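Asker: So that we are looking at the same thing, I have put the structure below in structure tokens.
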Amino acid sequence: PGSGKTALVKKLIRKYRRLGGAAMVFDRHGEYISEFEDAVVLDPENVRVNIIGYEENPETHAKVLSEVFAMAWPDEFGPLVSHVFRRMYLKYVRKASRPNLVEFITFLESSLNSEDLILLRSGKARDKLFSLLGRLSELTEGAIGRMFSSFDERETRVEELLSKMVVFDLTGLDTDRDANIFTWLMLKQIYDYRRKKHSRSLPHVIVCEEAHNVAPARFEGQGTIVEKMLKEMRKFGESIWLVDQRPLAVSRDVLGLCGTIVCLRLQYSSDVEKVAETMHLNKEQALMLQKLKQGEAIALLPRLSTAIPINV
């Protein structure tokens, strides 16, 4: 805290905007809302996303959705619940004219006493379906419910979001988990769009503050939407910036996929150890990380074999 990381990110965004690039910020603490005059600030009242609808392959869509839900509810959304979700989702979309979350939940409720559960061939299917219903119903309540369960002519179009400076104001969401779910599902929307339509201009920038929430160390070894974005989206015109003050809590898999790492002052030796390993720092450089002054940093860049000290 106080090392200058958010100030640096704001400065980099301004410079990138002057080059003609567009950026999107997932703002959890309201730090970016009034920083950019040309920014479109969106909150739960004016964002509408149909997370159930798909455009190409429903099987792939169901798989990635189940991965997101497994991150949101890791203690409950295990392999069997994921199987139930995918199976019921595919049965639903074959019948639905315009798939959406509210109708999908109604379909699940009507399936409790139908032959669909028999087809799942599991004695635990009913319990798992009740668990699934409860969790998905949470996405129709409160601020996050206004995003995912209300659809009209105002449904948010991804291509419009990517063409301008956008700040998602997440301060009005009820919990960190709601902010995580929204971020993951928006990243999935962008992932799907970019795979079909590459950016021909400067890469579009996505900034995720509090990266330990969206790319937590708990999910190391699992395929996540953040990891997919870092692995694949650079060639499709997306650049991901992850910002955090506790690297120890961020997935090692995700850190390893970052092309550029800028490290300002760290407080804890456990963070220093993880960053030093990720950035291939020698002992002298690692010791510097706890002694850096405000605005001083050590940076690892793609074209350099070793990290260098910089002043930002």
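Asker: Out of all the residues in segment 287-300, is one or more more than 30 Å from P79 (Cβ to Cβ), of a type in the set (A, V, I, L, M) and open to solvent by 30 Å² or more (accessible area, probe 1.4 Å)?
Answerer: Looking for residues that are more than 30 Å from P79 (Cβ to Cβ), of a type in the set (A, V, I, L, M) and open to solvent by 30 Å² or more (accessible area, probe 1.4 Å), one finds at least one in segment 287-300, hence yes.
Asker: If we keep just the residues of segment 5-49 that are small (G, A, S) and surrounded by fewer than 18 Cβ atoms within 10 Å (Cβ to Cβ), which is nearest to M147 (Cα to Cα)?
Answerer: Ranking the candidates gives G30 first.
Asker: Report yes if some residue within segment 33-48 is part of a helix (DSSP H, G or I) and within 24 Å of I240 (Cα to Cα); otherwise report no.
Answerer: No; the residues of segment 33-48 include none that is part of a helix (DSSP H, G or I) and within 24 Å of I240 (Cα to Cα).
Asker: If you don't mind, another one. Residues that are without any contact (Cβ under 8 Å) to a residue 24 or more places away in the chain, not charged (D, E, K, R) and not in a strand (DSSP E or B): does segment 246-260 have at least one?
Answerer: There is at least one residue in segment 246-260 that is without any contact (Cβ under 8 Å) to a residue 24 or more places away in the chain, not charged (D, E, K, R) and not in a strand (DSSP E or B).
Asker: Could we say that D127 is modelled with pLDDT under 90 and over 15 Å from I52 (Cβ atoms) here?
Answerer: Criteria met by D127.
Asker: Please go through segment 281-311 and pick out each residue that is assigned to a loop (DSSP other than H, G, I, E, B) and at pLDDT 90 or above.
Answerer: L281, L289, Q290, K291, L292, K293, L301, A307, listed by residue number.
Asker: Restricting attention to segment 59-73, which residues are under 16 Å from L185 (Cβ atoms) and open to solvent by 20 Å² or more (accessible area, probe 1.4 Å)?
Answerer: T60, K63, E67, A70
Asker: Would a scan of segment 10-26 turn up a residue that is of a type in the set (F, W, Y) and more than 20 Å from the chain's Cα centre (by Cα)?
Answerer: yes
Asker: Take S3 and decide whether it is at pLDDT below 90 and either small (G, A, S) or in a loop (DSSP other than H, G, I, E, B) (or both).
Answerer: Spelling it out, S3 is indeed at pLDDT below 90 and either small (G, A, S) or in a loop (DSSP other than H, G, I, E, B) (or both).
Asker: In segment 261-285, which residue that is charged (D, E, K, R) and under 25 Å from the mean Cα position of the chain (by Cα) is most open to solvent (accessible area, probe 1.4 Å)?
Answerer: Once the filter is applied, the top-ranked residue is E277.
Asker: Give me the pairs: first residue in segment 213-224 and part of a loop (DSSP other than H, G, I, E, B), second residue open to solvent by less than 70 Å² (accessible area, probe 1.4 Å), beta-carbon distance under 6 Å, and six or more apart or on different chains, which are they?
Answerer: A215/V226; A215/V250; A215/S251; A215/V254; E220/S251; E220/D253
Asker: Let me ask something additional. How many residues, within segment 49-67, are in a loop (DSSP other than H, G, I, E, B) and charged (D, E, K, R)?
Answerer: Residues meeting the conditions: 2.
Asker: Looking at segment 200-250 only, could you name the residues that are under 19 Å from V158 (Cβ atoms), surrounded by fewer than 19 Cβ atoms within 10 Å (Cβ to Cβ) and touching a helix residue (DSSP H, G or I) at 6+ places or on another chain (Cβ under 9 Å)?
Answerer: Once the filter is applied, which keeps residues that are under 19 Å from V158 (Cβ atoms), surrounded by fewer than 19 Cβ atoms within 10 Å (Cβ to Cβ) and touching a helix residue (DSSP H, G or I) at 6+ places or on another chain (Cβ under 9 Å), segment 200-250 yields L202, P203, K228, E232, F236, G237.
Asker: Just wondering, is there one or more residues in segment 74-85 that are over 23 Å from the mean Cα position of the chain (by Cα), surrounded by 18 or more Cβ atoms within 10 Å (Cβ to Cβ) and either at pLDDT 85 or above or assigned to a helix (DSSP H, G or I) (or both)?
Answerer: There is at least one residue in segment 74-85 that is over 23 Å from the mean Cα position of the chain (by Cα), surrounded by 18 or more Cβ atoms within 10 Å (Cβ to Cβ) and either at pLDDT 85 or above or assigned to a helix (DSSP H, G or I) (or both).
Asker: What's the number of the condition I190 fails, among (1) assigned to a helix (DSSP H, G or I); (2) open to solvent by 50 Å² or more (accessible area, probe 1.4 Å)?
Answerer: Here I190 clears every test but (2).
The values are calculated or read from the model by the stated rules, or taken from the named source; none is laboratory data. On a predicted model such as this, the values are computed, not experimentally measured, just so you know. With ideal geometry, Cβ positions are generated from the backbone for all residues, glycine too; neighbour counts draw on all protein chains shown. Side chains are part of the model used for accessible areas, which takes the heavy atoms of the whole protein and leaves out ligands, DNA and RNA. Shrake-Rupley method; radii C 1.70, N 1.55, O 1.52, S 1.80 Å.
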